[in-house]
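These notes are about the structure you will find just below.
The values are calculated or read from the model by the stated rules, or taken from the named source; none is laboratory data. Keep in mind that what you see is a predicted model, and the values were worked out from it rather than measured. Virtual Cβ from ideal backbone geometry, glycine too; neighbours counted across all protein chains shown. Surface areas here come from the heavy atoms of the whole protein model, side chains and all, with no ligands, DNA or RNA. Shrake-Rupley method; radii C 1.70, N 1.55, O 1.52, S 1.80 Å.
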Amino acid sequence: MHPTRILILLALLALAAAGEAPGDASALLPGLLADQRPARLEALAAIGRSRDPRAAAFLEDYRQGSAFRWQGRVVLVPELKDAAGIPLDLLDRRALGAAQPESALAALEVARPERLAATRAITRLRLTHPDPAVRLAAVVKAGDGGSAEEREALAAVAEGEGDARIRRAIDEGLAMADLADPRPAARAAAAVVLGDQLSARALDRLRALAADQAQPAEVRSAAAHAAARIEQRLDRLRVVQTAFSGVSAGSILVLMALGLAITFGLMGVINMAHGEMLMLGAYATLLVQWGFERFLPGAAGPWYFLAAVPAAFCAAAAAGWLLELTVIRHLYGRPLETLLATWGISYLLIQTIRTLFGDNQAVTAPPWLVGGWEPVDGLVLPWNRLFIIALTAVSVAAVVVLMRGTRLGLLLRATVQSRRTAASLGVDTRRIDGLTFAFGSGLAGAAGCAITLIGGLKPDMGQEYIIDSFLVVATGGVGNLAGVCCAGFGLGLLNKLLEPFTQAVFAKVLMLAAVILFLQWRPQGLFPPRGRLADA
C-alpha cells in the first residue's frame, strides 16, 4: 500500500478513536510524526476536537518547538540543559527516562501552518474549559476568526453551554461567521442578528459590508442599518463612560479638597503643605502593605488595603496636628505668612521622603480591587474607581456627621464663628484648632491612600493636586462642604469632557480658564464663604 494512503488511514483511525473516546487525545499524538504536512495538520485538528483538557498545555509547548521524536514516539522536552534533556509524556508530563543527549532527540517540524493549526486547536480545546472566563475568551477569539472550522467549533458547543453570557457570545460569533456566507440572504440575516445584539465586535465588518458595492442591495442595507444601531449604542456607552470617569476624577478632587475646605475655608489658613499630607497618606499605605507582606502573609495579605485607609488618615492627621502645634498656631490671622511657612515645610517633607524611600514606589492593588464590574455588555467600571467613589461618599458623610451631629463639630463651628465668645464660654480654642487641622490633614491622607490605586508614588505627588484642590474650594465657595462636592465633581466632569478634544495638559488649561471666568462672574463661588474669611 502506498505510504500516503497508510498515513490517511492512520488519520482516519485517529479520528475514529477520538470519537469513541472523547476527552483522551493520546491516540492522536502519533499523527504528529507523519512526514506529510496534511496528515500533521489533520492530527492537530483532531486533537482540538478531542476536548482533552491536558492537550492545550502540550500544544502551547508544541508551538514553541518543545516537541521531539524519541524512540519512535512524540515526547516533550521543555528545555535542553548542557545539550541534554529529560523526555516527558506529552499529556501527563511524567518523566519517561533519564536525560537524553540532544543527538538522540529529533525536533519535530513546526512551521507556520503547524503553529496556526495548533493555535486553532488550543482555542477549540478552551471552548470546553471549566473556567467560564477561559471559555468566554476562547469563544470571542473563535468568533473573531470567522472561519468555517471555527464556526463549526462554536456550533458544536452551543447547545451544551449553560452560561447566558457565553451563549450570547457564541451566537454573536456564529452570526459574524455567517457574514462571509456565500448566500446573500444568509449574510443579510446575520447582519440583522448582529444589529439586534448591538455587537461592537462586528461593527468594522458591518461597515465594510455596507460600503462594498459588490454586495447586493439587501445585504448593504441590512449591514448599514445594523452598523447605525451599534454606533448609537456605542455613543451612549461613551457618554456613560465619560461621566463615570469624570465622577471618579472628581471624587479624588473632592476627597482632597474636603480637608482643604476645613483648614483653608473655615480656619483661614493657606496650607501649601496640604498636598504633602496626601503624599504622607500614600506612603503610609505603602508601609502597611509592606507590613502585611512581612508579618501577615497568606490569607490576610489581600486585605491590607482596608487597614491602610485608617492608617493613612492617622499618619496625615498626626503630621497635621504637629504642623499646627509648631508653626500654624503662631500665624493665625496672617495668611501670607502661613503660605510662605507651609510652602517651605512642603519642600522639607518632599526631600525627607525622597531620602527615605527614593523617587518612585508603587502599591500593589489587592486582588479584590482588580478588574471591573460590567453592568451591561461593553461598559466596564473598574473596581478601584468604584472604591474611590465609595470612599469619597463615606468621607463626605463623616464630615457632615462630625460638623452637624457631634459635640466636636459644635465646638468647631462656635470657634470659627467667634473665637472670643467660644473662649469666654470655656471652649479650649487651642485644642479645637489642633483637632480641626489634624482632621483636615487626615482627609488628605485618605485621599493619598485612594490615589495609590490609580498611580505610582513619588515624593512630589502632592504638588499635582494642591492647585486643583484650591480651585475646587474657591469655585465651590470657601468653607462650604456642599460647594466642595459640586465643584469637585463639576471640574472632574469638565476635565474629562475636554480631554477627548484636546491634550490632557491643554484640558487643564481650559479648565483653569473656565474657573477664572466663573469667578469673575461669581467671585464668592457657588456658595458664599463662612467662618473667619467671611469677615476678612
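For R385, indicate whether it is part of a helix (DSSP H, G or I), basic (K, R), open to solvent by 40 Å² or more (accessible area, probe 1.4 Å) and out of contact with any strand residue (DSSP E or B) (no Cβ under 9 Å at 6 or more places or on another chain). No: the conditions fail for R385. Here the condition is being touching a helix residue (DSSP H, G or I) at 6+ places or on another chain (Cβ under 8 Å), surrounded by 22 or more Cβ atoms within 10 Å (Cβ to Cβ), of a type in the set (G, A, S) and part of a helix (DSSP H, G or I); of A487, A514, it holds for A487 alone.
Within the stretch 457-478, restricting attention to residues that are assigned to a helix (DSSP H, G or I) and under 24 Å from the mean Cα position of the chain (by Cα), which residue is farthest from L526 (Cα to Cα)? Here the residue is E464.
Residues checked against (1) within 20 Å of Q289 (Cα to Cα); (2) among the β-branched types (V, I, T); (3) in contact (Cβ under 8 Å) with a residue 40 or more places away in the chain:
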residue	(1), (2), (3)
Q351	no, no, yes
A362	yes, no, yes
P366	yes, no, yes
L369	yes, no, yes
L379	no, no, yes
W383	yes, no, no
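Any idea which residue in the stretch 117-166 is most open to solvent (accessible area, probe 1.4 Å), counting only those that are out of contact with any helix residue (DSSP H, G or I) (no Cβ under 8 Å at 6 or more places or on another chain) and not in a helix (DSSP H, G or I)? Going through the qualifying residues, I end up with E159. Taking the stretch 252-275 as the range and being open to solvent by less than 10 Å² (accessible area, probe 1.4 Å) and more than 25 Å from L408 (Cβ to Cβ) as the test, only G275 passes.
Listed here are the residues, each with its yes/no results for (1) surrounded by 21 or more Cβ atoms within 10 Å (Cβ to Cβ); (2) assigned to a helix (DSSP H, G or I); (3) of a type in the set (V, I, T); (4) modelled with pLDDT under 85.
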site	(1), (2), (3), (4)
W368	no, yes, no, no
L412	yes, yes, no, yes
V416	yes, yes, yes, yes
R430	no, yes, no, yes
D433	yes, yes, no, yes
G442	yes, yes, no, no
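The lone criterion from (1) out of contact with any strand residue (DSSP E or B) (no Cβ under 6 Å at 6 or more places or on another chain); (2) at pLDDT 90 or above; (3) surrounded by fewer than 23 Cβ atoms within 10 Å (Cβ to Cβ); (4) over 30 Å from A175 (Cβ atoms) left unmet by S221 is number (4). Tallying residues that are surrounded by 12 or more Cβ atoms within 10 Å (Cβ to Cβ), assigned to a helix (DSSP H, G or I) and not β-branched (V, I, T) within the stretch 352-363 yields 2.
Checking the stretch 232-239 against the condition returns no match, with no residue being open to solvent by 60 Å² or more (accessible area, probe 1.4 Å) and in contact (Cβ under 8 Å) with a residue 24 or more places away in the chain.
G65 passes all but one of (1) open to solvent by less than 70 Å² (accessible area, probe 1.4 Å); (2) in a helix (DSSP H, G or I); which number fails? Every condition holds for G65 apart from (2).
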